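The values are calculated or read from the model by the stated rules, or taken from the named source; none is laboratory data. Keep in mind that what you see is a predicted model, and the values were worked out from it rather than measured. Using ideal geometry, Cβ is built from the backbone for each residue, glycine included, and neighbour counts are taken over all protein chains shown.
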Amino acid sequence: MIHTARPEGAADRIVSLVPSLSEALFVLGLGDRVVGVTQWCVHPAAAVARLPKLGGTKDPDLAAILALEPDLVIANKEENRRQDAIALAEAGVPVWVTDPRTVRDGADLLGEIAGLGASAEHVRRFVTPVGAAIDAAEASRPAEPVPVFCPIWKRPWMSVGVDTYAHDLLELCGAANVFAYRTDRRYPRVRDEDIVAAAPELVILPDEPCAFTEKDVQELRKMPLPAAQSGRIHMIDGTWVSWYGPRIVRAIETLRNLIVAGG
C-alpha cells in the first residue's frame, strides 16, 4: 500500500530512496533500521558507506530492494518515480511517499520520521530546534525582501518556482523570488532576457541538481544585473535549499546571513 503519511506499525527494515531522509534517519538514531539506500544518499558518509546501494532516485533496483525484505520504503513524490512506488506496493511492501512543499512541512515530516522510534532525547536535540528556528525566522522577516534568482538548471535556465520547498525556504529567509509570478511550471524555464528584466539583487547557485561552476558565475556577472554590479552572485551547498530535515536549522542561518545580512 502507498501511504502519504507515516504508516502505523513497526518499521525495523527500512529502505530510504530519499537522500535527505536517509540522513534524517541516522541523525534521529534510527540508522540501525536502515537496510539500503540510493547511490545519492551520501550523508552521514561513514554510516551510509556500509549499506547496499540500490540504484538511483529515478532508477532504483526494485529486485534488489525486494530482496532485502524491507517493511517500509520511504520515497518522495518529486525525487522518485510514481511507477516505482506502485511496483513496490504491488509487491506487498508499504511505501511512504513524502511530499513537503514548505519548510514547515519539512519540520512536520522530521517529526513523523522521529515517530518511527526516535528517543525523546533525539527529538529534543534534533526535532524541536527546527520548529523553533522556523518560528524565529517567521517573526523576523524583513519588511522589504531581497529580490533573488535561484536557478536549479541551465540550458535552459530553470528557476525555483512557487510551489516548491526551495521557494518557501528562500522567502522565509528574507528573499523575494523574482520568478514567483511564473506559475506555468513548478520550475519555470527562463531566458537571459527574463533574468535581466527580473533585476535580482542576489543570485544563488546551488550545486545540485545542476553543478554550477565559476564559469556560470562569470557568465551572470556579464549581465546587467544589480546582483552582478554589487558582486552578490554566490555558489552554495545545494542541500541548504533542497534537503528538508535536520539541515533546516543550519540552512535558515546560512541563507538568512546571505540574503538579509549580505554575507
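Kindly indicate the residue of the range 146-161 that is part of a loop (DSSP other than H, G, I, E, B) and in contact (Cβ under 8 Å) with a residue 24 or more places away in the chain and also nearest to THR213 (Cα to Cα) among those meeting that condition.
Among them, the one singled out is LYS154.
Which of the residues belonging to the range 101-128 are within 23 Å of GLY9 (Cβ to Cβ) and among the polar types (S, T, N, Q)?
The one that is within 23 Å of GLY9 (Cβ to Cβ) and among the polar types (S, T, N, Q): SER119.
Among ALA143, ALA118, ALA132, which is the only one that is assigned by TED's automatic domain parsing to the domain that holds ALA175, assigned to a loop (DSSP other than H, G, I, E, B) and free of Cβ contacts under 8 Å to residues at least 12 places away in the same chain?
Details: ALA118 fails: free of Cβ contacts under 8 Å to residues at least 12 places away in the same chain; ALA132 fails: assigned to a loop (DSSP other than H, G, I, E, B).
Just a single option satisfies the conditions, and that option is ALA143.
For the range 163-185, what are the residues that are touching a residue at least 60 places away in the same chain (Cβ under 8 Å) and either more than 18 Å from LEU258 (Cα to Cα) or in a helix (DSSP H, G or I) (or both)?
Of everything in the range 163-185, those that are touching a residue at least 60 places away in the same chain (Cβ under 8 Å) and either more than 18 Å from LEU258 (Cα to Cα) or in a helix (DSSP H, G or I) (or both) turn out to be ASP163, THR164, TYR165, ALA166, ASP168, LEU169, LEU170, LEU172.
Evaluate the following for VAL93: is it over 17 Å from the mean Cα position of the chain (by Cα), in the same structural domain as ALA10 (by TED's automatic domain parsing) and either in a helix (DSSP H, G or I) or surrounded by 16 or more Cβ atoms within 10 Å (Cβ to Cβ) (or both)?
It is true that VAL93 is over 17 Å from the mean Cα position of the chain (by Cα), in the same structural domain as ALA10 (by TED's automatic domain parsing) and either in a helix (DSSP H, G or I) or surrounded by 16 or more Cβ atoms within 10 Å (Cβ to Cβ) (or both).
Given the condition among the hydrophobic types (A, V, I, L, M, F, W, C), free of Cβ contacts under 8 Å to residues at least 60 places away in the same chain and assigned to a strand (DSSP E or B), answer yes or no: does some residue in the range 49-63 qualify?
No.
Taking the residues in the range 173-202 that are β-branched (Val, Ile, Thr) and within 19 Å of VAL217 (Cα to Cα) as candidates, determine which candidate is surrounded by the most Cβ atoms within 10 Å (Cβ to Cβ).
VAL178
Residues to consider are THR239, THR213, THR254; find the one that is out of contact with any Pro (no Cβ under 7 Å at 6 or more places or on another chain), more than 20 Å from VAL146 (Cα to Cα) and free of Cβ contacts under 8 Å to residues at least 60 places away in the same chain.
Residue meeting the stated conditions: THR213.
Go through the range 11-55 and count every residue that is exposed (fewer than 15 other Cβ atoms within 10 Å of the Cβ) and in contact with a Phe, Trp or Tyr (Cβ under 8 Å, 6 or more places away or on another chain).
Of the residues in that region, 1 qualify.
Among the numbered criteria (1) part of a loop (DSSP other than H, G, I, E, B); (2) closer than 23 Å to VAL103 by Cβ, which one does PRO224 miss?
Among (1) part of a loop (DSSP other than H, G, I, E, B); (2) closer than 23 Å to VAL103 by Cβ, the lone unmet condition for PRO224 is (2).
Could you tell me which of the residues VAL217, VAL203, VAL241, VAL260 is touching a helix residue (DSSP H, G or I) at 6+ places or on another chain (Cβ under 6 Å), among the β-branched types (Val, Ile, Thr) and over 17 Å from THR102 (Cβ atoms)?
VAL203
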